[in-house]
Amino acid sequence: MRTVLAIGIGAGDPDQVTVEAIRALNRTDVFFVMDKGPAAADLLALRRTICERYVDDPSYRVVEVPDPPRDLSGPSYAGDVGAWHDKRVAIYETLLLNQLAEGEVGAFLVWGDPALYDSTLRLLDAVASRGAVDLAVEVIPGISAIQALAAAHRIALHGIGRPVHVTTGRRLAEEGWPAGVEDVVVMLDGRLAFTTVDPEGVDIYWGAYLGTPDQILVAGPLVRVAGEIERVRAEARERKGWMFDTYLLRRNG
Ligand SMILES: C[S@@+](CC[C@H](N)C(=O)[O-])C[C@H]1O[C@@H](n2cnc3c(N)ncnc32)[C@H](O)[C@@H]1O
């Protein structure tokens, strides 16, 4: 049996790493690190900082997991993501078989929380169900970008007793404002989806690089601040080479 920990490490600030996560980090023999996209260098640096700061015995091994390129040019988004998922399952299986010995503990350091827009748990389930590796998976929750956003703006995410809807920029742009909610949290937005909703009566609470020294916050009526966010976002993206932003859209009144 091999044990694999999916450890939520927070959304960018090493101080967000929980005591439970620190205990899990110190049980780990091998860290598997996903190497992704233009944000990779900064995201890898944070993971390195976390290990250096919190792991007492530096004899752990680090294995970088090559993330296969994602080809979204096919006829179906779900089909393309499915094909990419299958490639990653095969890579994970090989790594767990070859890089982690029976009885050892491996860990994936997952950005934010593993339960939110992250494929690690689905991939590990798929590896386990193929049957080639005997896996025990444990999940350690982390502070997500959504919690970091709410704290930075000092807001609750929803009205009293009301629901909050969490979605992606792609869905908001394609399907419009979801029915029955006044509060919509948007992640994974590469397309400025907030510009596609009717801004009348809507407030936005926007945050980029939350929890990092580069954090940027803008809040106000969408009608008034949408242009400012577009400008600030474009400048920051140009300067850093990548962008991570999350926002709450709230129908006011
Ligand atoms: C693949 S998802 C990972 C979400 C992560 N599991 C979580 O719990 O926050 C990446 C998206 O999370 C959001 N995100 C993650 N970290 C962020 C940060 N420090 N500041 C702003 N948004 C962030 C962005 O919307 C980004 O596109």
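The values are calculated or read from the model by the stated rules, or taken from the named source; none is laboratory data. Just so it is clear, the model here is predicted, and its values are computed rather than measured. Don't worry about glycine lacking a Cβ; one is built from the backbone with ideal geometry, like all the others, and counts go over all protein chains shown.
Descriptive notes on the structure:
- Condition check for LEU149: surrounded by fewer than 17 Cβ atoms within 10 Å (Cβ to Cβ), within 11 Å of the ligand (Cβ to nearest atom) and either in contact (Cβ under 8 Å) with a residue 60 or more places away in the chain or not acidic (Asp, Glu) (or both): no
- GLY12 satisfies every condition listed in (1) more than 14 Å from the ligand (Cβ to nearest atom); (2) of a type outside the set (Ser, Thr, Tyr); (3) closer than 25 Å to TYR209 by Cβ; (4) touching a residue at least 60 places away in the same chain (Cβ under 8 Å) except (1).
Residue-by-condition table, conditions (1) surrounded by fewer than 16 Cβ atoms within 10 Å (Cβ to Cβ); (2) at positive phi; (3) in a loop (DSSP other than H, G, I, E, B):
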residue: GLU20; (1), (2), (3): yes, no, no
residue: PRO69; (1), (2), (3): yes, no, yes
residue: ASP86; (1), (2), (3): yes, no, no
residue: TYR92; (1), (2), (3): no, no, no
residue: GLU102; (1), (2), (3): yes, no, yes
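- Residue count for segment 179-211, restricted to those that are away from the ligand (no atom under 13 Å from the Cβ), assigned to a loop (DSSP other than H, G, I, E, B) and surrounded by 14 or more Cβ atoms within 10 Å (Cβ to Cβ): 4
- Residue pairs meeting the criteria (Cβ under 7 Å; at least 6 apart or on separate chains; first part of a helix (DSSP H, G or I), in segment 108-124; second within 7 Å of the ligand (Cβ to nearest atom) and among the hydrophobic types (A, V, I, L, M, F, W, C)): THR120/VAL110
- Hits in segment 233-253 - residues which are within 12 Å of LEU192 (Cβ to Cβ) and assigned to a helix (DSSP H, G or I): ARG233, ALA234, ARG237
- Options GLU200, GLU138, GLU174: the member that is more than 24 Å from ARG231 (Cα to Cα) and modelled with pLDDT of 95 or more: GLU138
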